[in-house]
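This report refers to the structure that appears directly beneath it.
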Amino acid sequence: ETLRRLGRLLEPGGGFHAALMVDGIFPELAAVRRQVAPLKPSRICLPDVSEVVAAFAVAGLKVNETFEELPQARYASAATFLKSLNAQGVTGSSAGAGALLNRTELARLVAEYDRRFASPAGGVVVTYRVLYVRAGKEST
């Protein structure tokens, strides 16, 4: 719906750039969660690249270029990373997110993440998956 509104706002020949987080973000977190709580998979999912491109087309926008990037960030610890997600409003409690981890599972997840994904520079590594899109409304 948001893309449709943007499409209506753009003048013919107009364009815009977007950066979107897509499916496959935080692979380290997903791997550790599968290990720690295999019966409690996360059901939060972001669209994949093909879904994003299709949504632009449905909105009447032409995708001129896409580019994917896997930037990495470093946090002091897994707990710090999870707290930063929570501060942004990203939680495991949204509708359809699956079963929440209990305190024991969460403590195991943090400890395992810290162990498996320690950065040589200190802290832990977190990988994002970002899709950059350059799109526009064709001239009439």
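Of everything in the stretch 21-40 that is surrounded by fewer than 16 Cβ atoms within 10 Å (Cβ to Cβ) and of a type in the set (D, E, K, R), the residue that is nearest to GLU112 (Cα to Cα) is ARG34.
Do we have ALA107 as among the small types (Gly, Ala, Ser), open to solvent by less than 50 Å² (accessible area, probe 1.4 Å) and not in a loop (DSSP other than H, G, I, E, B) here? So that I can check it myself, show each step before the final result.
On the way: among the small types (Gly, Ala, Ser): yes; open to solvent by less than 50 Å² (accessible area, probe 1.4 Å): no; not in a loop (DSSP other than H, G, I, E, B): yes.
No: the conditions fail for ALA107.
Specify which of the listed residues (LYS83, LYS62) is of a type in the set (Lys, Arg), open to solvent by 50 Å² or more (accessible area, probe 1.4 Å), more than 14 Å from the chain's Cα centre (by Cα) and under 30 Å from LEU9 (Cα atoms). Residue meeting the stated conditions: LYS62.
Flag set for GLY89, criterion: without any contact (Cβ under 8 Å) to a residue 40 or more places away in the chain and either closer than 30 Å to LEU3 by Cβ or not in a strand (DSSP E or B) (or both). When you go through ARG74, ARG33 one by one, which is the residue that is over 15 Å from the mean Cα position of the chain (by Cα), in a helix (DSSP H, G or I) and among the basic types (Lys, Arg)? So the residue among ARG74, ARG33 that is over 15 Å from the mean Cα position of the chain (by Cα), in a helix (DSSP H, G or I) and among the basic types (Lys, Arg) is ARG33. Residues considered: PRO12, PRO47. Of these, the only one that is outside any strand (DSSP E or B), surrounded by fewer than 14 Cβ atoms within 10 Å (Cβ to Cβ) and out of contact with any helix residue (DSSP H, G or I) (no Cβ under 6 Å at 6 or more places or on another chain) is PRO12. All of (1) surrounded by fewer than 12 Cβ atoms within 10 Å (Cβ to Cβ); (2) modelled with pLDDT under 90; (3) over 30 Å from ALA135 (Cβ atoms) hold for GLY89 with one exception: (3).
From the list TYR132, TYR128, the one residue that fits, being open to solvent by 60 Å² or more (accessible area, probe 1.4 Å), at pLDDT 95 or above, among the hydroxyl-bearing types (Ser, Thr, Tyr) and out of contact with any Gly (no Cβ under 8 Å at 6 or more places or on another chain), is TYR132. Contact map, the stretch 62-85: residues that are touching a residue at least 40 places away in the same chain (Cβ under 8 Å) and of a type in the set (D, E, K, R) paired with residues that are open to solvent by 50 Å² or more (accessible area, probe 1.4 Å) and assigned to a loop (DSSP other than H, G, I, E, B), Cβ distance under 6 Å, separation 6+ or inter-chain. Pairs shown: LYS62/GLU138.
The values are calculated or read from the model by the stated rules, or taken from the named source; none is laboratory data. Keep in mind the model is a prediction, meaning the values are calculated, not measured. A quick note on method: Cβ atoms are made from the backbone with ideal geometry, for glycine too, and the neighbour counts reach across all protein chains shown. Only protein heavy atoms, including side chains, enter the accessible area calculation; ligands, DNA and RNA are left aside. Shrake-Rupley method; radii C 1.70, N 1.55, O 1.52, S 1.80 Å.
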